[in-house]
Amino acid sequence: MDTAEIRKYLSEVLHPAKGDKDIVSLGMVDRVVVDGNRVEVTLGFPKHRDPLAEYLIGSARAALVRNCPKGTDIEVRTVVKDEAPKKKAGLDLGVEELSSVRHIIGIASGKGGVGKSTVAVNLAVALARMGYRVGLADADVYGPSVPKMTDTEDAVPDAIREGEKDIILPIEKYGVKWMSIGYFANPDQALIWRGPMACNALKQMILQVRWGELDFLLIDMPPGTGDIHISLVHDIPMEGAVIVTTPQAVALADVEKGVNMFRNDSVRKPVIGLVENMAWFTPEELPQNRYYIFGQGGGERMAAKYGIPVLGQIPIVQSIREGGDEGQPAALSSRPDGVAFAELAARLADALA
Ligand code: ADP
């Protein structure tokens with residue numbers, strides 16, 4: 001018996017999860033030692049507790065018993081192979097580009113449509129107007145809104161090659177560095193991105209960007225709570241999250257899910273505060289009047305329940321919606337809605353000081 005013979009016998013063992021390729025051509029046979037009538041085979045597995053390990057060990061042993069002379073002493077062992085070289089060939093993302101960012105904050109919401117992106121964009125502009133160096137990564141894969149809200153829909157980010165890596169340069173406008181999945185795909189395409197593909201694209205869009213020195217990097221997270229969120233929070237060194245809600249009971253119930261997600265054992269990130277958006281309606285011609293069309297005090301009750309501060313209340317006003325549609329964020333103005341975002345920015349900066 002020689003090692004080539006043993007490998008031939010082992011090639012009878014098919015891997016049921018790999019399109020029935022055999023374990024030799026899959027490169028799983030790490031080592032074969034033949035010593036007299038003793039055969040020692042080591043199978044390499046990419047991870048600990050591989051669910052198929054037992055099955056494949058049994059099949060390899062059976063193949064050897066079938067083919068080797070009677071009385072051969074057969075041992076099949078396993079080793080966990082480091083997957084690192086494989087990863088290098090694909091995405092090689094470190095956090096170097098974030099090393100000069102002081103505060104990385106996720107802007108989240110329990111559900112869509114509460115104004116999360118509106119708040120994120122205006123908060124970024126308001127912080128920049130206060131003199132902070134600010135970036136915003138629009139990671140809302142289901143509806144990237146930064147290009148529209150900043151009137152940069154036609155912008156195409158430049159990239160520079162550094163060694164093995166392409167580094168993307170953010171788009172600069174209104175004193176903020178912007179990056180969005182929307183610069184790379186039209187909105188219809190973004191909708192079909194799911195699971196790992198979306199996760200990788202998002203991480204790349206945050207980790208491969210030349211942010212430079214920043215005081216704040218806001219991450220406009222996808223709405224809701226799910227695998228993408230957990231994965232983002234794991235891989236991006238976020239300091240904490242700001243949760244945007246509206247005062248209605250349904251939106252607040254979703255906030256609970258959001259808060260629980262960040263406080264979950266596997267995530268454990270602080271929720272820095274709540275922003276109550278559409279807190280009241282103020283008609284343009286009656287700036288002193290407040291109509292609590294979605295109810296009053298919901299955000300405060302929720303904040304008290306979880307011990308989280310309300311960082312700001314933003315009224316529902318036409319100019320905020322128009323600002324979003326026209327790419328002129330309301331935070332650029334000195335109107336009451338602009339002031340509401342400036343106050344929010346000041347409280348967030350205070351909370352992190
Ligand atoms: P989300 O990111 O939570 O899905 P968006 O920020 O896209 O929500 O906002 C949804 C819509 O509501 C947009 O048309 C936006 O302009 C509008 N909107 C958000 N906040 C306000 C507000 N405070 N006043 C008026 N319109 C708003």
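Nothing in this text is a laboratory measurement; each read-out follows from the coordinates by a stated rule. As the structure is a prediction and not an experimental result, all values here were calculated from the model. Glycine also receives a Cβ, built like all others from the backbone with ideal geometry; neighbour counts cover every protein chain displayed.
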At what distance in nm do the modelled label points of residue 156 and residue 65 sit from each other, each positioned 7 Å from its Cα along Cα→Cβ? 6.4 nm
Cα centroids of region 115-183 and region 305-353: how far apart, whole angstrom? 18 Å
Assigning unit charges at the beta carbon (Lys, Arg +1; Asp, Glu -1) and nothing else, what dipole magnitude in debye, to the nearest 20, does the chain show about its Cα centre? 880 debye
What fraction of the Cα pairs in the chain, stated in percent, has a spacing above 28 angstrom? 53 percent
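Loop-only GluC sites (Glu not before Pro) in region 96-167, please: DSSP not H, G, I, E or B, and at most 15 other Cβ atoms within 10 Å.
On the way: sites: 96, 97, 153, 162, 164; in loops: 153, 164.
Passing sites in region 96-167 are 153, 164.
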Stretch residue 333-residue 55 to full length: gain in nm at 0.36 nm per residue minus the Cα-Cα span? 93.4 nm
Could you give the length gained on full extension between residue 37 and residue 265, defined as 0.36 nm per residue of separation minus the Cα-Cα distance, in nm? 76.9 nm
Grab the DSSP H runs of the chain that are 4 residues or longer, score each as -39,500 (n - 2.57), total them, divide by all residues and round the 222 nm result to the nearest 500 deg cm²/dmol. -10500 deg cm²/dmol
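Given region 262-353, what whole percent of its Cα pairs are spread farther than 22 Å? Intermediate results must be reported in sequence, preceding the final value.
Working: 1514 of 4186 pairs.
Looking at region 262-353, the distances longer than 22 Å represent 36 percent of pairs.
Compute, for region 193-314, the length of the dipole vector about the Cα centre, with Cβ point charges of +1 (Lys, Arg) and -1 (Asp, Glu) only. Units Debye, rounded to 20.
Values: 10 positive and 13 negative charges, 69 e Å.
The dipole magnitude comes to about 340 debye.
Please go through the residue pairs 116/269; 111/305; 47/257; 81/165 and name each one whose alpha carbons sit more than 28 Å apart in this structure.
On the way: 116/269 19 Å; 111/305 20 Å; 47/257 32 Å; 81/165 26 Å.
Correct reply: 47/257.
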Between the residues 248, 145, 131, the Cα farthest towards the positive end of the dipole of the chain, that dipole coming from +1 and -1 charges on the beta-carbon of Lys, Arg, Asp and Glu, is from 248
With a cut-off of at most 12 other beta carbons within 10 Å, and DSSP calling the residue loop, which trypsin sites (Lys or Arg not before Pro) in region 1-56 qualify? Please list them. 47, 49
Say each of residue 250 and residue 319 gets a label point 7 Å from the Cα, pointing the same way as Cα to Cβ; how far apart are those two points in nm? 3.0 nm
With label points set 7 Å from each Cα along the Cα-to-Cβ direction at residue 239 and residue 200, the distance between them in nm comes to 3.2 nm
For the charge dipole of the chain, defined by +1 on Lys and Arg C-beta atoms and -1 on Asp and Glu C-beta atoms about the Cα centroid, which residue among 182, 310, 330 has the Cα displaced farthest towards the positive pole? 310
Order the peptides 115-122, 324-331 from the highest to the lowest mean number of other Cβ atoms within 10 Å of their residues. 115-122, 324-331
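Rounded to the nearest 0.05, what FRET efficiency do residue 230 and residue 300 give with R0 = 45 Å and r taken as the Cβ-Cβ distance? Could you check?
Values: r = 28 Å, r/R0 = 0.63.
Using R0 = 45 Å, I get an efficiency of 0.95.
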Taking 0.36 nm per residue of separation between residue 81 and residue 173 and subtracting their Cα-Cα distance, the length gained on full extension comes to 28.4 nm
Which of 224, 278, 260, positive extreme of dipole for region 217-293 (C-beta unit charges): 260
